[in-house]
Amino acid sequence: MAQTANTSHDMGFCTVEQHILSKQGEHPLSTGAFTSVLVGITLAGRIISAKVRRAGILEVLGEAGDVNVHGEQQQKLDLLANKALEGCLCYRESVGIIASEELDEPRIVRETSGKYVIIFDPLDGSSNIDVNVSVGTIFSIFERDCEHPKGHDHLNDVLQPGHKQVAAGYIVYGSSTVMCYTTGEGVHMFTLDPSVGSFVLAQENVRMPLKGKYFSVNEGNYNSFPKGVREYLNWCKSEEAGPYSARYIGSLVADFHRTLLRGGIFLYPPTAKSPKGKLRLMYEANPIAFLAEQAGGRATDGKRNILEIVPGSLHERTPLFVGSETEIERVERFMQEHGA
Ligand code: AHG
Ligand code: MN
Ligand code: MN
């Protein structure tokens, strides 16, 4: 009687660390230095996952009693996640600078060494923590030139356009903990096997469906969306379109994870409250856009490719339209015709 493999151990498994190392020869980036950064992120992901999964017991729920640079109430888990990432990254020689949604300014870990700049949203979707809805961690990795004159402004190493990212990814703490990353050679997904504490390869070279009958937007802001966006959403609800199904979790990582796997579109357009959009370019839109493009999708701010935007400041915001190519083209047409 043939044995059917019923756990990852029976089928043999590839951990995320092995996956990076297996590309050692193929990709100049998969050197020990880069692998060390990625291992640091997966370690932090395991720590954060353990805290998220015991949130109700560990007294990590609720507000931390302080606000971040955006004036948003910091949740205890925001700060714990930020601390976990700092702790798992900063002692690694290849880390030069870190920047975070929860830190007003970038942290210069090493002045003249450490070629990687890691920028992250330590906990995305914080408003969902206390009601047990999926949250996540988003990261974006750039390289920097460590040879620079005295008095070099390290901010220039941080404020790079998204197309210069050398890697990006997220960890979504959902019904399972899934890590998804790209180094520019496709998008790969790993599921945390809590019985062994490793992220195990679940899917290589993930491709976003060219079409998808899902739109994901906070329709509470409908009245203040640009006219073209309102017309597009009305089309999605029309007989001609189907209609599409609306899905909105309120955590970018979870809404994007579904869009990556099922296709369709996620949009956070300009609103009256956030005329430049709500999502942050450096640690939300850029990494998500890199993943989307690597999987065959697209990401724009309604006019420009997200990855072409030259950042002016670490915490700047941008509108975000990300998803299947056909949907991005369609919403762009509506905005050209009716106003963006
Ligand atoms: P964060 O928790 O890191 O501040 O991010 C929250 C973001 C993003 O996760 C989500 O897509 C968006 O806020 C939801 O905003 P609304 O509640 O305005 O819809
Ligand atoms: Mn976020
Ligand atoms: Mn956050």
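The values are calculated or read from the model by the stated rules, or taken from the named source; none is laboratory data. Here the structure is a predicted model, which means the values were calculated and not measured. Positions of Cβ are generated from backbone atoms using ideal geometry, with glycine treated the same way; all protein chains shown enter the neighbour counts. In case anyone asks, the SASA skips ligands and DNA or RNA and just uses the protein heavy atoms, side chains included. Shrake-Rupley method; radii C 1.70, N 1.55, O 1.52, S 1.80 Å.
Loop-resident trypsin sites (Lys or Arg not before Pro) (DSSP state other than H, G, I, E or B) in the range 77-130 with no more than 11 further Cβ atoms inside 10 Å of their Cβ are absent.
Would you work out if the range 2-203 is rounded, prolate or oblate? Take a ≥ b ≥ c from the square roots of the eigenvalues of the alpha-carbon gyration tensor; rounded if a/c is under 1.5, else prolate when a/b is larger than b/c, oblate otherwise.
oblate
Summary value for the range 32-160: 20 percent relative contact order, contacts being C-alpha pairs under 8 angstrom separated by 6+ residues. Here the range 121-204 is treated as an ellipsoid with the same Cα gyration tensor; its semi-axes, largest first and in whole Å, are 31, 17, 11.
Restriction of the GluC sites (Glu not before Pro) in the range 280-340 to DSSP coil positions whose beta-carbon has at most 14 other beta-carbons within 10 angstrom yields no sites.
For Ser113 and Tyr248, the FRET efficiency from 1/(1 + (r/R0)^6), where r spans their Cβ atoms and R0 equals 41 Å, is about 0.40. Applying the Karplus relation 6.51 cos²θ - 1.76 cosθ + 1.60 with θ = phi - 60° to the range 263-273 yields 3J(HN,Hα) values of x, x, 8, 10, 9, 10, x, x, 10, 4, 6 Hz, where x marks Gly and Pro. Each part gets one Cα centre, and for the range 251-300 versus the range 47-112 those centres are 22 Å apart. Amide H contacts of Gly302 (H built 1.01 Å from N, in plane; Pro and chain starts excluded): Phe321 sit under 5 Å, all sequence-distant by 5 or more or on other chains. Between the beta carbons of His338 and Lys276, assuming R0 = 25 Å, the FRET efficiency works out to 0.80 to the nearest 0.05. Taking the Cα centre of the range 26-156 as reference, the dipole from Cβ charges on Lys and Arg (+1) and Asp and Glu (-1) amounts to some 560 debye.
The length gained by stretching the chain between Asn223 and His70 to full extension, at 0.36 nm per residue less their Cα-Cα distance, is 52.7 nm. Look at the Cα gyration tensor of the chain: its axes a ≥ b ≥ c give a/c under 1.5, and that counts as rounded. Where a ≥ b ≥ c are the square roots of the eigenvalues of the C-alpha gyration tensor, would you call the range 154-304 rounded, which needs a/c under 1.5, or, failing that, prolate if a/b is larger than b/c, or oblate? Verdict is oblate for the range 154-304. For the options Gly263, Gly71, Gly302, a Gaussian network treatment of the chain with springs between C-alpha atoms closer than 10 Å singles out Gly71 as fluctuating the most. For the range 305-313, 3J(HN,Hα) computed residue by residue from phi via the Karplus equation (6.51, -1.76, 1.60; θ = phi - 60°) reads 4, 3, 6, 8, 6, 8, x, x, 8 Hz, glycine and proline entered as x.
Rank these residues by their accessible area, most exposed first, probe 1.4 Å: Arg54, Arg298, Arg280.
Sorted descending by solvent-accessible area, the residues read Arg54, Arg298, Arg280.
Taking the Cα centre of the chain as origin and assigning +1 to Lys and Arg Cβ atoms and -1 to Asp and Glu Cβ atoms, the resulting dipole is close to 500 debye. List the residue ranges in the chain for DSSP H helices whose C-alpha atoms run 30 angstrom or more along the long axis and whose Kyte-Doolittle average is 1.0 or above. For the chain, where a helix must reach 30 Å along its axis and average at least 1.0, the hits are 32-53. Under 5 Å from the amide H of Gln74 lie the amide H atoms of Ala64, Gly65, Asp66, Val67, Asn68, each residue being 5 or more positions distant or on a separate chain, with H modelled from the backbone and absent for Pro and chain starts.
Take the range 2-203 with all the other protein chains still there, run a 1.4 Å probe, and you get 43 Å² of accessible area per residue.
Helical runs (DSSP H, four residues minimum) scored at -39500 (n - 2.57) apiece and divided by the length of the chain put the mean residue ellipticity at 222 nm at -8500 deg cm²/dmol. Accessible area per residue was computed with a 1.4 Å probe on protein heavy atoms; Lys213 scores about 110 Å².
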